[in-house]
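*Asks:* Before anything else, here's the structure in question.
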Amino acid sequence: MKKISYFTLICLFAATVTSCLKDEPPVLPETGDSPVKINEAYSNGGRSTYGAIDWVELYNDSDEAVDVSGYILYDKVDKIAKIIVTSNTTIAARAFLLVEVDVTGGFGLGSGGDMVYLEDSNGLLVDRIEFGALTPEQSYARNPDGSDVFKIQTPTPGVSNNGAVAQPSITDLAHTPASPTNDEDVIVTATVTAGEGTLTSVKVQWTLNTTPQTDITMTNAADVYSATIVKQVAGSAIAYSVVATNSAGGTSTVSGTYTVRDATVIDYTGLVINEIDGNGKFIELYNKGTVDIPLAGVTLVKNESATWWTGGAATLAAGEYYTISQSGQTDPGADETTGASGISPKQNLKFQLKDPDDNELDVFFRSNGEALGTIVIPAYDATTPKYAFARCPDGIGAFGLAEPSCDIANPFVPAGAIATDGGTTVKYSDLVINEVDGNGKFVEIHNKGTVPISLENVTIYKNISLANTLWWTGGSTVTIAAGGFYTIAQSGGAAGADEYTGNGGISPKKTVRFDLIAPDASMSIDVFARVKADDNTLDANCTPDYGSAPQYSFSRCPDGTGTFGLAAPSCNSANPATSAGAIETN
Ligand SMILES: [Ca+2]
Ligand SMILES: [Ca+2]
Ligand SMILES: [Ca+2]
């Protein structure tokens, strides 16, 4: 029988008092009594010679060997991502075990700070550490080994931490304004503490267009240090580092960059997110406008929190593409490789494109209504083809699925909808364009799902073009029943439609395209396109001309799931189960 020690009882009592005094604490496992401790953590795997992968060092703080088979390391209490120590693993007395954590099934440690938990093989928590931002030259370590004294120090993977000199801590690095113009001085700030001894020097080292400049000594108010880099001409590229040294001989460096933009007002309205590829790991910007756009200070913000990319000195010419690969990626043809990581083909994902004054220019939002970062079905890295999310056509279409096209034009027509729901829980992906009739002059929408869907602010565009030709907008009271139809005719169109407000021009003779788009242009729901092979010209005459007998509609056969074919018109009722023929294109 397991003995409950006096120490354990005190811990239980203390935990009870704490939970009475505070708000609901996170649910933690029960506490075990293994002598193994998390001795050191390194969160910048791949960014230095101290580790290609994030790691955690365990230390056996006892005089007996300990079998750690089945011990578990994780960084979130949900334990979805975890490392299980393999069987037959023992740590000798006062010895170390280095465990790489950012491997298959494991978890990464945040370079901006994170937590690590250690459980024994009985599921009892034996240690937990929390650390803040670390540079690639730093680890967070118990020093001396196994003690309760933590230092930020030079990493010592798999060997004793004793004797390593503590480095100064530099956090909250910022420069203000974030995207300076040629009229603005820039203030660099950081929170700096000695780590050990006292701070002997805190300065800014900086380069102007890679030419080293005179160091600037930082002044401080308590732990907050600041220095001013004077204004520079537009287009200047500034790289700066805060370098802090303590009396124990430890030094830390944290770096930032910015590009000076022109104070002249710039028209950013042509700039859009054009394509996001979670497999090729790139984001493509496009200038759909008619004037060139400097990218200095333009940002991409991922999942409403982290700045993923900040534009430098490049200018994006009208009608051109600019592609950013995430860091460490094999360049697929991108213009630069400086974006942060984490473009996912699987997860709820949001990217906002912002001008230097933080105004939103464009947004991509793949969401099933759950939290950002949760898995969305389908995941496009596990399927063939591995789709990108792309505006089809470039710049003006809503986002749909498309073959990746890094730094070149997107397909004219998407291969399918992004089968998610634009940040809402409404399943717009259950809607389809079901029938297009150039003679009866109507477009029929069908709900292939099992719940009614509001069509408020759902839109239909005809022959999508730079003019973004809006054909219809759903009214506030319009709902389509589960399994039902909703038909919009143009004035004078077929009897039996729900409304006669379509904007004209449905042709049985010409190439024609209709896009069904979710509110706020958040996703392309469906596209009907009668186009000529290898010719994306819309409004060109086609042969045959279905304005003469037989006067076919273009219908999905069967409803909702079939491909478009020729069919006898069926306004606001079920389409034939099979089509009368293919839609011929030239
Ligand atoms: Ca160590
Ligand atoms: Ca493209
Ligand atoms: Ca029909």
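No value in this document is a laboratory result; all are computed from the given coordinates. All of these numbers come straight from a predicted model, not from anything done at the bench. Ideal geometry is used to build each Cβ from the backbone, glycine not excepted, and the neighbour counts take in all protein chains shown.
*Asks:* Between GLU184 and THR104, what is the label-point separation in nm under the 7 Å Cα-to-beta-carbon projection?
*Replies:* 4.8
*Asks:* Here's a follow-up. Against the longest alpha carbon principal axis of the chain, how many degrees, from 0 to 90 and to the nearest 10, is the axis of helix 6-21 turned?
*Replies:* The helix 6-21 is inclined about 50 degrees to the chain.
*Asks:* What distance in nm separates the simple spin-label points at VAL451 and ASN88, each placed 7 Å from Cα in the Cβ direction?
*Replies:* 5.3
*Asks:* Rank the residues GLU30, GLU284, GLU499 as a footprinting-exposure proxy: fewest other Cβ atoms within 10 Å of their Cβ go first.
*Replies:* Details: GLU30 12, GLU284 28, GLU499 15.
Ordered by Cβ neighbours within 10 Å, fewest first: GLU30, GLU499, GLU284.
*Asks:* Follow-up. Report the local net charge at THR501: Lys and Arg +1, Asp and Glu -1, summed over other residues whose C-beta lies under 15 Å from its C-beta. Please list the in-between numbers first.
*Replies:* Working: positive: LYS441, LYS462; negative: GLU444, GLU456, ASP498, GLU499.
After counting each charged neighbour, the total is -2.
*Asks:* Taking only the Cα atoms of the stretch 271-417, how large is their convex hull per residue, in Å³?
*Replies:* Values: hull volume 14.8 nm³, N = 147.
Enclosed volume per residue, from the Cα hull, is 101 Å³.
*Asks:* Percent relative contact order of the chain, based on C-alpha pairs within less than 8 angstrom and at least six residues apart?
*Replies:* Details: 1532 pairs, mean separation 39.7, N = 586.
Result for the chain is 7 percent.
*Asks:* Still on this structure, I have one more. In a shell of Cβ-Cβ distance under 14 Å around GLY312, excluding GLY312 itself, what net charge do Lys and Arg (+1) and Asp and Glu (-1) give? Walk me through the numbers on the way to the answer.
*Replies:* Working: positive: ARG261; negative: ASP262, ASP335, GLU336.
Summing Lys and Arg as +1 and Asp and Glu as -1 gives -2.
*Asks:* Test of understanding: what is the full-extension gain from THR383 to THR578, defined as 0.36 nm times their sequence separation minus their Cα-Cα distance?
*Replies:* Details: separation 195, 0.36 × 195 = 70.20 nm, distance 2.86 nm.
Fully extending the segment from THR383 to THR578 adds 67.3 nm.
*Asks:* Something else about it: Run down the lysines and flag those whose C-alpha is under 16 Å from the C-alpha of LYS427, throwing out any fewer than 8 positions away in its chain.
*Replies:* The qualifying lysines are LYS448.
*Asks:* What are the ³J(HN,Hα) values, in whole Hz, obtained from phi via the Karplus relation 6.51 cos²θ - 1.76 cosθ + 1.60 with θ = phi - 60°, for each residue of the stretch 568-576 in sequence order, with x given for Gly and Pro?
*Replies:* Karplus-based 3J(HN,Hα) across the stretch 568-576 equals 4, x, 8, 4, 6, 9, 4, 6, x Hz.
*Asks:* From the Cα gyration tensor of the stretch 24-86, with a ≥ b ≥ c the square roots of its eigenvalues, which class applies: rounded if a/c is under 1.5, or else prolate if a/b is larger than b/c, or else oblate? Please list the in-between numbers first.
*Replies:* Values: a/c = 1.97, a/b = 1.16, b/c = 1.70.
Note, shape of the stretch 24-86 comes out oblate.
*Asks:* Now a separate question. Would you list, by chain and number, the lysines whose Cα falls below 19 Å from the Cα of LYS532, excluding same-chain residues fewer than 8 positions away?
*Replies:* Within the straight-line cut-off, LYS532 pairs with LYS462, LYS509, LYS510.
*Asks:* Taking θ = phi - 60°, what integer Hz values does the Karplus form 6.51 cos²θ - 1.76 cosθ + 1.60 yield along the stretch 147-161, in sequence order, with x for Gly and Pro?
*Replies:* Calculated HN-Hα couplings, in order: 7, 9, 9, 9, 10, 8, 8, 5, x, 10, x, x, 10, 4, 8 Hz.
*Asks:* While we're on this one: Once you have the Cα-Cα distance between THR469 and ALA237, take 0.36 nm times their residue separation minus that, and quote the gain in nm to one decimal.
*Replies:* Taking THR469 through ALA237 to full extension adds about 79.4 nm, to one decimal.
*Asks:* Counting pairs of alpha carbon atoms under 8 Å apart in space and at least six apart in sequence, what relative contact order in percent does the stretch 361-416 give?
*Replies:* Values: 66 pairs, mean separation 13.7, N = 56.
Relative contact order for the stretch 361-416 comes out at 25 percent.
*Asks:* Between the stretch 454-532 and the stretch 200-246, what is the C-alpha centre distance in whole Å?
*Replies:* 57
*Asks:* Taking neighbour Cβ counts within 10 Å as the exposure measure, how do THR299, THR257 sort from fewest upward? Write out the running numbers ahead of the final one.
*Replies:* On the way: THR299 19, THR257 15.
With the fewest neighbours first, THR299, THR257 line up as THR257, THR299.
*Asks:* Just want to confirm a number: the relative contact order over the stretch 271-417, from Cα pairs under 8 angstrom separated by 6+ residues, in percent.
*Replies:* Values: 376 pairs, mean separation 35.5, N = 147.
With pairs under 8 Å counted, the relative contact order is 24 percent.
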